[in-house]
Amino acid sequence: MIDIHTHILPEVDDGPKSWDVAVEMCRMAAADGVERMVATPHSNERYHYDRPYLTGLLDHLRQLVGPTPRLSLGCDFHASYDNLQDVLARPAYYTIEGTNYLLFEFSNYGIPTQIDDWFNLLGSKGVTAIITHPERNPILQQTPQRILQWVEQGCIMQVTASALTGGWGERVRRTAEWLLERNAVHVLASDAHDSKQRRPLLSVGRAAAEELCGAETARALVDDNPRAIVQGQPLPYFPNPVVGR
């Protein structure tokens, strides 16, 4: 399995507070069957994203952890006007491993009215947005059809693995299942922040997805698709979303 959304670098955002916890998270993920993790620190009004500095931290974490899991760098990119201008000017600064894939996070308090245009602008630069945890966004929980429209527009949907097991509450679980039933989930990721509450585990989420949509689709969500993302390749599993019900 490959986890494309994790907060494993210490003291750069709301992730781990020490190197010991960061190492523990990596080893926990490896024991769960995760062979590769993408460290995705926040870029928002609270946390500044400095890629060269973060690259140095990731190199240090590699030295502490060893070869497994393999560690890569991306960004948990917040949807804002200023961020958009910067990513359009230098997309590789924020994308996963310099590919064309960008984790894209919405605020819980508002979705930009011009968001469809923003996705088109990203596409004009060759960047594909991976919308992170739409099932947890209270606005999108009320208007889930918008998510299907963004899939039709070419956006990728990343659901939190623990959402499928009730770790974020019943409403989040129902929204995640609703999206799965409509072919609108492309990746499961942990969005891990620590080793206690928000852990870097995918296997239980994979098992829950397998019950809902079968082993082949579940494997695509934790292996085939995330592997394509870190390699900068098209997703092998990207069905047409089921709309109208």
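Points to keep in mind about this one:
- GLY110 fulfils the conditions (1) modelled with pLDDT of 95 or more; (2) under 30 Å from THR165 (Cα atoms); (3) not hydroxyl-bearing (Ser, Thr, Tyr) except for a single criterion, (1).
- Within the range 63-76, being assigned to a strand (DSSP E or B), in contact (Cβ under 8 Å) with a residue 40 or more places away in the chain and out of contact with any Pro (no Cβ under 7 Å at 6 or more places or on another chain) holds for LEU71, SER72.
- Set side by side, the residues THR143, THR132, THR128, THR217 differ, and just one is touching a residue at least 40 places away in the same chain (Cβ under 8 Å) and among the polar types (S, T, N, Q), which is THR132.
- In this structure, TYR93 does satisfy being surrounded by fewer than 18 Cβ atoms within 10 Å (Cβ to Cβ) and under 18 Å from the mean Cα position of the chain (by Cα).
- Test for LEU164: is it crowded, with 23+ Cβ neighbours inside 10 Å, farther than 19 Å from SER43 by Cβ and touching a helix residue (DSSP H, G or I) at 6+ places or on another chain (Cβ under 8 Å): yes
- Residue, surrounded by the most Cβ atoms within 10 Å (Cβ to Cβ), within the range 171-210, restricted to residues that are more than 21 Å from LEU235 (Cα to Cα) and among the β-branched types (Val, Ile, Thr): THR175
- Unmet requirement for THR128, which otherwise passes all of (1) at pLDDT below 95; (2) within 16 Å of the chain's Cα centre (by Cα); (3) β-branched (Val, Ile, Thr): (1)
- Scanning the range 189-219 for residues that are of a type in the set (Gly, Ala, Ser) and under 19 Å from PRO134 (Cα atoms) gives ALA189, SER190, ALA192, GLY205, ALA208, ALA209, ALA218.
- Matching entry among LEU102, LEU71 (being at pLDDT 95 or above, under 19 Å from MET157 (Cα atoms), crowded, with 18+ Cβ neighbours inside 10 Å and in contact with a helix residue (DSSP H, G or I) (Cβ under 8 Å, 6 or more places away or on another chain)): LEU102
- Count of residues meeting criterion [of a type in the set (S, T, N, Q) and part of a loop (DSSP other than H, G, I, E, B)] in the range 6-62: 3
Residue by residue, here is whether (1) without any contact (Cβ under 8 Å) to a residue 60 or more places away in the chain; (2) surrounded by 17 or more Cβ atoms within 10 Å (Cβ to Cβ); (3) over 20 Å from ILE111 (Cβ atoms); (4) touching a Pro at 6+ places or on another chain (Cβ under 7 Å) holds:
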| position | (1), (2), (3), (4) |
| --- | --- |
| ALA22 | yes, yes, yes, yes |
| ALA29 | no, yes, yes, yes |
| ARG36 | no, yes, yes, yes |
| PRO41 | yes, yes, yes, no |
| PRO52 | yes, no, yes, no |
| HIS78 | yes, yes, no, no |
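The values are calculated or read from the model by the stated rules, or taken from the named source; none is laboratory data. Note that the coordinates shown come from a computational prediction; the quantities given were computed from them, not determined experimentally. All Cβ positions, glycine included, derive from the backbone under ideal geometry; neighbour counts span all protein chains shown.
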